[in-house]
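Worksheet: the structure to be examined is printed underneath.
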Amino acid sequence: MDSPTSHRLTRQDYKTLSLAALGGALEFYDFIIFVFFAAVIGELFFPPDIPDWLRQLQTFAIFAAGYLARPLGGLVMAHFGDKVGRKKMFSLSILLMALPTLAMGVLPTYETAGIIAPLLMLLLRLLQGAAIGGEVPGAWVFVAEHVPEKRVGFACGTLTAGLTAGILLGSLVATAINSSMTPQTVSSIGWRLPFFLGGLFGLLAMYLRRWLHETPVFQQMQQQKTLADTLPLKTVLTRHKGGVLLSMLLTWLLSACIVVVILMAPALMQKQHGISAALSLQANCLATVMLLAGCVAAGWLVDWMGAAKTLIGGSLLLAVCSWHFFSSQTADAEGLFFNYGLAGLSVGVVGVVPFLMVRAFPAAVRFTGISFSYNVAYAIFGGLTPIFVTLILRVTPLAPAWYVLALALAGLLTGIWLQSAGRQGQLVSETRL
């Protein structure tokens, strides 16, 4: 049997990682499918006589509401995850996601229900946000506490790729619907199909997680009676402020990169450059595949050369590739695919983020520490980014490029700080799994 410090992943490790990644992908699909039909939803759920930019802003505001609800749901599930077990909360989050997603598929439109329609959509997005708030931090903690210590980077990067695969699944479904249906059919019934599928995917994911086991780290804490004896959040805020600040900064990098480059880009291409929905979504599929590869590669590099160096190199790549993509968009399929693919690959630097967050907190409060930092930062940066970029677009068409460039600079400086001060090693030594 492999020792805890072994470099090898066992068959059980691969099974755990695969089931966690697949379940996370299905749940993440439920959360983001909304954005791929933002243009259609905006037309159906808001008055037809308002300006187009205001309709787009209000639609993205409903999308952002899901992020704003994440902290509360995430903190509640993380509290019990640190107290009663990782697996129980890891399974509960899926049910809380599947039901609102199914309900979205049967909502009445503005023409039928008036102002009630967008309010119901807003309520369901809030419920989705509460569910996803416990899913992502819980998934990172779950796999990191299962695999050998020297493979945590690869496991976290691979799981992040798995979660991101939910975006790819959403893009594929949206592409299939827009390619096989007329715009009129999409507006009448086609937009509802992804939400029905999402609810079924969520129920499937809940079933799959029956086969997962509680993490060895949590079982050991139970046996040794070293579980948090006070409120985990209080411990995090009083004893681990540095970990919180670092994790929030890294979450800004992760959330805003994915929101701008992957989630918003298709709608922006359609609105700004007149690129067809089918072509923009096909390019988005390729970019997301490249993002998956980038996350896995980043995780592997973390185990090989360290998180700081990986973050520095990845941030430089992100700056170059994202700027080129946004500043040279074209309706030519070959050029669009190439530029968007490179941009997607460069966003893979976010595969470094969960490794550093897992290392930033001790096991007794790890779930709560990551959940608080990640969800609060995601609520701020992930939720407000679409609104901010949409408003700045009225000033410059390169608003997305400038925003991602600022993120890359933040990532670069963080990597340099970690490397020069030796803080990466300090985090690892102080918070052993």
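Quick rundown of the values:
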item	result
Filter pass, GLY314 being open to solvent by 10 Å² or more (accessible area, probe 1.4 Å), touching a helix residue (DSSP H, G or I) at 6+ places or on another chain (Cβ under 8 Å), of a type in the set (Gly, Ala, Ser) and under 17 Å from LEU250 (Cα atoms)	yes
Residue check, ARG70 within 17 Å of the chain's Cα centre (by Cα) and under 30 Å from GLN272 (Cβ atoms)	yes
Of the criteria (1) over 30 Å from LEU107 (Cβ atoms); (2) of a type outside the set (Lys, Arg); (3) open to solvent by 10 Å² or more (accessible area, probe 1.4 Å), which one MET206 fails	(1)
Selection count where residues are open to solvent by 10 Å² or more (accessible area, probe 1.4 Å), touching a residue at least 12 places away in the same chain (Cβ under 8 Å) and under 26 Å from VAL352 (Cα atoms), scope the stretch 385-413	6
Positions within the stretch 6-54 being loosely packed, with under 14 Cβ neighbours inside 10 Å and touching an Asp or Glu at 6+ places or on another chain (Cβ under 6 Å), in sequence order	ARG8
Meets criteria (surrounded by fewer than 24 Cβ atoms within 10 Å (Cβ to Cβ), under 23 Å from ARG210 (Cα atoms) and in contact with a His (Cβ under 9 Å, 6 or more places away or on another chain)) for LYS83	no
Cross-chain or 6+ apart pairs with Cβ under 8 Å, the stretch 344-370 first and surrounded by fewer than 24 Cβ atoms within 10 Å (Cβ to Cβ), then modelled with pLDDT of 95 or more and outside any helix (DSSP H, G or I)	none
Unique residue being modelled with pLDDT of 80 or more, part of a helix (DSSP H, G or I) and closer than 24 Å to ALA131 by Cα when the list is PHE63, PHE31	PHE31
Subset of the stretch 38-59 (residues that are among the β-branched types (Val, Ile, Thr) and under 19 Å from ARG394 (Cα atoms))	ILE50, THR59
Helices (runs of 4 or more DSSP H) (entirely within the stretch 232-299) containing at least 3 residues that are within 15 Å of the chain's Cα centre (by Cα), of a type in the set (A, V, I, L, M, F, W, C) and surrounded by 19 or more Cβ atoms within 10 Å (Cβ to Cβ)	241-257
Selection from the stretch 178-218 of residues that are at pLDDT 80 or above and of a type in the set (S, T, N, Q)	ASN178, SER179, SER180, THR182, GLN184, THR185, SER187, SER188
Pairs, first polar (S, T, N, Q) in the stretch 83-100, second open to solvent by 30 Å² or more (accessible area, probe 1.4 Å) and modelled with pLDDT under 80, C-beta under 8 Å, six or more apart	SER91/ARG210
Subset tally (residues that are of a type in the set (Lys, Arg) and not in a helix (DSSP H, G or I)) for the stretch 5-28	1
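The values are calculated or read from the model by the stated rules, or taken from the named source; none is laboratory data. Bear in mind the structure is a predicted one, so any value in this text is a computation, not a measurement. Ideal geometry is used to build each Cβ from the backbone, glycine not excepted, and the neighbour counts take in all protein chains shown. Surface accessibility is based on the protein's heavy atoms, side chains included, excluding ligands, DNA and RNA. Shrake-Rupley method; radii C 1.70, N 1.55, O 1.52, S 1.80 Å.
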